[in-house]
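Each reported figure results from applying straightforward, stated rules to the coordinates on display, with no laboratory input. If you're wondering where the values come from, they're calculated on a predicted model, not measured in any experiment. Note that each Cβ is placed from the backbone with ideal geometry, even for glycine, and that neighbours are counted across all protein chains shown.
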Amino acid sequence: RLVCAGPRACRRAAPGTTLHMRDVRVLLHDAHAPTVSAVQGDLARKAVLSGTERLSFAAADRGGGVYRALVVVDGRVRAAAAVDGNGGRCRDLVPGGLFEAAVRVPCRQSASATVALDTRRLPDGRHTVSVLVDDAAGNVTTAYGPVTKTVANRPRRPRPPVPRPRAP
């Protein structure tokens, strides 16, 4: 029998027992969403966005660790990035479903990150923007937003010249 509890390593419950495992996947059960602080950057500060805008923040989690940040514009994920790869341990072994990891605490408990939004991929105009942070167990918290921002990347067309009457 193997006992795995808390932040410590697993231990054998009886002396002389051996446990061999291959192709192990760990499904995390964690009821605590990450917390976010120190939010700053052009994405938060500017009302009118152009080019690539960034948002920096610090995040902490009590469970499986801080996994990734998602930039959501008008309800669609436009950018997603791992907050900290933790030496390759903080990655989903089977993308597309629940986060599956090879270790009990795959992601760092706290990390700082910067996410970027390339506004040139959006049409000019008003958009609802938010940044979400999730942990390895899938708990999500809002780091920023939702707020309405104006994207203005295209140069304004010059006004056509006003014809002047000719002198007689």
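A simple rule links phi to the HN-Hα coupling: the Karplus curve 6.51 cos²θ - 1.76 cosθ + 1.60 with θ = phi - 60°, which for segment 66-76 gives 6, 9, 8, 10, 10, 9, 10, 10, 6, x, 10 Hz, with x for Gly and Pro.
Approximating the spin labels as points 7 Å out from Cα along Cα→Cβ, the residue 32-to-residue 114 distance works out to 2.9 nm.
The simple Förster model, with R0 at 25 Å and r as the Cβ-Cβ distance, assigns residue 153 and residue 40 a FRET efficiency of 0.65. Each of residue 89 and residue 56 was given a label point 7 Å from its Cα along the Cα-to-Cβ line. The distance between the two points is 2.6 nm. Eigenvalues of the alpha-carbon gyration tensor of segment 74-121, scaled by 5 and square-rooted, set the equivalent ellipsoid semi-axes at 24, 15, 8 angstrom, largest first. Residue 56 sits among other residues whose Cβ lies under 13 Å from its own Cβ, and their net charge, with Lys and Arg +1 and Asp and Glu -1, is 0. Shown is the FRET efficiency for residue 74 and residue 104, computed with R0 = 45 Å from the Cβ-Cβ distance and rounded to the nearest 0.05: 0.75.
Between residue 140 and residue 82, the simple label model (points 7 Å from Cα in the Cβ direction) yields a spacing of 2.1 nm.
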